[in-house]
Amino acid sequence: MPRWSLHLTSLVVVAAAAATAVSSLPGSLLAQAPAAQGRAKAAPDVPIEPKAPASVKEGATWVPPLPVLDQVAPPQGWQQPGEETPAMPLTLLRLPRTNIWRAKFPALDFHVHARGLTSKAAYDELIALMDDIGMGAIVNLNGGTGAELDKVLAEGVPYKDRVANFITFSADGINEPGWSQKFAAEMERAFKAGAQGMKVSKQLGLGAKNPDGSFIQADDPRLDPVWDMAARYDKPVMIHLSDSIGRFYPIGPKNERYEAGLWHQKGDETNNYFKSGPSNDVIEKARREMHRKHPKTRFVNAHLAMLYYDPEKLASFLDTYPNADVEISATVQDLGRAPRFWREFLIKYQDRVLFGTDGSQSRGADEFWRPHWRALETLDEYFPHPAQVRTPLGSPGHGRWQISGLGLPDAVLRKIYYQNALRHLPAMRASIERQLAARAEGAR
Ligand SMILES: [Zn+2]
């Protein structure tokens, strides 16, 4: 049972207030929402047209609040049906489509899981894919540690103008004495051997636990020497903290991620944190604290710091911490469903946003990679987004909808595609410049 189920008071007041609250969104679902547990009633209806508070003038804009947990909860007694999510309908709209092949500029993908780069053949296969789609360079987040990393780095020497390998953080053994110094020493060894940064997965915040069963958060003092080591070598920390907001809500038909196709099978609660995880607020707070404590460490926050659900929060995060950059992988489904809004946002924060896909060698060029180019470069409308997850019948599990393109201006596109990334990876600059020159030559 979720621990906030104790707060059963003023349920109706909270739900009513949620429908009329102003844009100052309470950060925590927990604070807003007593859970539905133990009540016999059906979950309250979410107003289709939320009413602005009286203080908002006619014609002015406001931001409706997030649904509270109760509004998303399924009715009492509801069970997962165990049925497949239907396929996406095929659109009958005949709209113009830009013929997209390669990225407009050689992009640097800051978020790739290029597992198994331990042979020449593996590298060659990856480079062929990159050439096909016009990818200038990638960051491989799956370098690993120890002997595995050494092998990846050794095989990667001839390809180091296209592939930047990162050491992969691991919290294994974190509860043992001396862990911090031991892991920091491994980082130092990796940086000296050619690793160009470090990847941290969401195991921090949502996976690794203290002996007492509580989750280890990113501001844990045992991690201070780790973040400091990255700063000492001026290497970026590519960090995935928290998760999609829908995963902190109850599973049920009103949860966007459920509708998209997740958790339909009986008993499936994969990566849903409603019952047993920390709240998103706890993880977000630890993220801010980590940035505050380590101003000299370069943090690249994966997936727009998972704050794409609340652009005001994302803006305030970027405004507060100059050492925070963000990367857009696995958010294209959300950017592309509000393309006019996000176009303005990305133009405003054009110096802080990096390109990323969360892709791997197995992802298809047309199904996965090129939709990224279409989404960022064109004003094409209503096309499939690059799905990170697909249900058995092919519906995109992170968003059962189509998107439209942001049509970013070239100057902004260049920053997001490679210029911002090169601040963190100066060793890749010559390569990208060579590729730009080759393209200019080819166009002549
Ligand atoms: Zn990833």
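The values are calculated or read from the model by the stated rules, or taken from the named source; none is laboratory data. Nothing here was measured: the structure is a model prediction, and the numbers come from that model. Using ideal geometry, Cβ is built from the backbone for each residue, glycine included, and neighbour counts are taken over all protein chains shown.
Observations
- Test: residue in the stretch 183-200 that is polar (S, T, N, Q) and within 30 Å of D310 (Cα to Cα): no
- Residue in the stretch 325-342 that is free of Cβ contacts under 8 Å to residues at least 24 places away in the same chain and assigned by TED's automatic domain parsing to the domain that holds L425 present: yes
- Scanning the stretch 202-240 for residues that are within 16 Å of the ligand (Cβ to nearest atom) and surrounded by fewer than 20 Cβ atoms within 10 Å (Cβ to Cβ) returns K202, Q203, G207.
- Residue in the stretch 307-322 that is touching a Ser or Thr at 6+ places or on another chain (Cβ under 9 Å), free of Cβ contacts under 8 Å to residues at least 40 places away in the same chain, surrounded by fewer than 16 Cβ atoms within 10 Å (Cβ to Cβ) and not aromatic (F, W, Y) present: no
- Positions within the stretch 190-201 being among the basic types (K, R) and within 16 Å of the ligand (Cβ to nearest atom), in sequence order: K199
- Test result for L406, crowded, with 17+ Cβ neighbours inside 10 Å and touching a residue at least 60 places away in the same chain (Cβ under 8 Å): yes
- Scanning the stretch 241-265 for residues that are within 16 Å of the ligand (Cβ to nearest atom) and buried (at least 21 other Cβ atoms within 10 Å of the Cβ), we see that the one that is farthest from the chain's Cα centre (by Cα) is R247.
- Test for E155: is it assigned by TED's automatic domain parsing to the domain that holds R434 and either touching a Ser or Thr at 6+ places or on another chain (Cβ under 8 Å) or closer than 30 Å to H264 by Cα (or both): yes
- Residue within the stretch 113-120 that is within 16 Å of the ligand (Cβ to nearest atom), within 24 Å of V200 (Cβ to Cβ) and modelled with pLDDT of 95 or more present: yes
- Condition broken by N323, with the remaining ones in (1) within 16 Å of the ligand (Cβ to nearest atom); (2) within 24 Å of L108 (Cβ to Cβ) satisfied: (1)
- Tabulated pairs, the stretch 97-118, first at negative phi and among the aromatic types (F, W, Y), second within 11 Å of the ligand (Cβ to nearest atom) and modelled with pLDDT of 95 or more, C-beta under 8 angstrom, 6+ apart or interchain: F110/V139; F110/M238; F110/E327; F110/S329; F110/G356
- Considering the stretch 129-156, and only residues there that are crowded, with 20+ Cβ neighbours inside 10 Å and of a type in the set (V, I, T), the residue that is nearest to the ligand (Cβ to nearest atom) turns out to be V139.
- One residue from W373, W342 being touching an Asp or Glu at 6+ places or on another chain (Cβ under 9 Å) and of a type outside the set (K, R): W342
- Selected residue [of a type in the set (D, E, K, R), loosely packed, with under 13 Cβ neighbours inside 10 Å and away from the ligand (no atom under 16 Å from the Cβ)] from R102, R94: R94
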